[in-house]
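A.B. asks: My questions all concern the structure below.
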């Protein structure tokens, strides 16, 4: 009897409201139910995403970016539904959320513009998918691979193994180069070179084409091209244009081509001009002594 009385007292204590929200009393047990519903919604969303990966994604040709977007939307949708169900189970009047929504809107208007902008940009990225997980992008001169797109930020892993946290608003509002857009990552390189006046133009062209064909990273289609650009002040200017399969190889390919150009031009006796300045000194005549008439 005493044990039952103690249990009843504990149960009554757990059901006793400890605070009120919108006129509704919130007890310890109701708050526990609320947490259980949220936890169940998270677990169900993970199980459903696991089912999708094993039975849907693996058997269809859904691209990686679309899989990631769908999984994220399922998780956030399940948690939102669980939150609403949990609030209703504890007797919370959902109409009160309108008040909180108004207050939240005021807070956004005064101090949360960036957060809301990044959140809205994250939705745009997930729905329109101009940039997807796995894409090769270049932001402010930094080249990297998109590893993750969250609702507020994106994670870009550079080829120096550095993880860059990029706000979603920058991906939407600023100029971003997406080398993977459309599935083609090939890039054209332009390599300028100048030679001395009097050099055989056809010989220069043949050497440059031979160098480009020797490079493993240079694609055969489109084929390399050499253009005679101009008669400059002190040189004949050419431009070698080649295509490579991936933007990450730009630096290495330019380095290899320039080294080969320097070697082959030296062997062929072709000079590469550089700016020179001649300074001439003229001796001044000695001053003649003034004639005093004496």
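The values are calculated or read from the model by the stated rules, or taken from the named source; none is laboratory data. Not measured: the values here are computed from a predicted model. No Cβ is skipped: glycine too gets one built from the backbone with ideal geometry, and neighbour counts run over all protein chains shown.
A.B. asks: So is residue 171 outside the structural domain of residue 63 (by TED's automatic domain parsing), buried (at least 18 other Cβ atoms within 10 Å of the Cβ), more than 22 Å from residue 244 (Cβ to Cβ) and over 11 Å from the mean Cα position of the chain (by Cα) or not? Spell out the reasoning first.
C.D. replies: On the way: outside the structural domain of residue 63 (by TED's automatic domain parsing): yes; buried (at least 18 other Cβ atoms within 10 Å of the Cβ): yes; more than 22 Å from residue 244 (Cβ to Cβ): yes; over 11 Å from the mean Cα position of the chain (by Cα): no.
No.
Here is a yes/no grid of residues against (1) assigned by TED's automatic domain parsing to the domain that holds residue 150; (2) at pLDDT below 65; (3) under 24 Å from residue 129 (Cβ atoms); (4) over 33 Å from the mean Cα position of the chain (by Cα):
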{"position": "8", "(1), (2), (3), (4)": "no, yes, no, yes"}
{"position": "19", "(1), (2), (3), (4)": "no, yes, no, yes"}
{"position": "28", "(1), (2), (3), (4)": "no, no, no, yes"}
{"position": "35", "(1), (2), (3), (4)": "no, no, no, yes"}
{"position": "50", "(1), (2), (3), (4)": "no, no, yes, no"}
{"position": "58", "(1), (2), (3), (4)": "no, no, yes, no"}
{"position": "63", "(1), (2), (3), (4)": "no, no, yes, no"}
{"position": "68", "(1), (2), (3), (4)": "no, no, yes, no"}
{"position": "79", "(1), (2), (3), (4)": "no, no, yes, no"}
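A.B. asks: Conditions first: (1) in contact with a helix residue (DSSP H, G or I) (Cβ under 8 Å, 6 or more places away or on another chain); (2) farther than 30 Å from residue 156 by Cα; (3) surrounded by fewer than 17 Cβ atoms within 10 Å (Cβ to Cβ). Residue 239 passes all but one, so which condition is the exception?
C.D. replies: (1)
A.B. asks: Could you check the stretch 211-227 and list, in sequence order, the residues that are surrounded by fewer than 17 Cβ atoms within 10 Å (Cβ to Cβ) and touching a strand residue (DSSP E or B) at 6+ places or on another chain (Cβ under 6 Å)? Break it down stepwise before answering.
C.D. replies: So the first thing to find is which residues in the stretch 211-227 are surrounded by fewer than 17 Cβ atoms within 10 Å (Cβ to Cβ), and the list is 213-214, 216-217, 219-223, 225, 227.
Matches in the stretch 211-227: 217, 219, 222, 225, 227.
A.B. asks: Are any of the residues in the stretch 185-206 without any contact (Cβ under 8 Å) to a residue 40 or more places away in the chain and surrounded by 15 or more Cβ atoms within 10 Å (Cβ to Cβ)?
C.D. replies: yes
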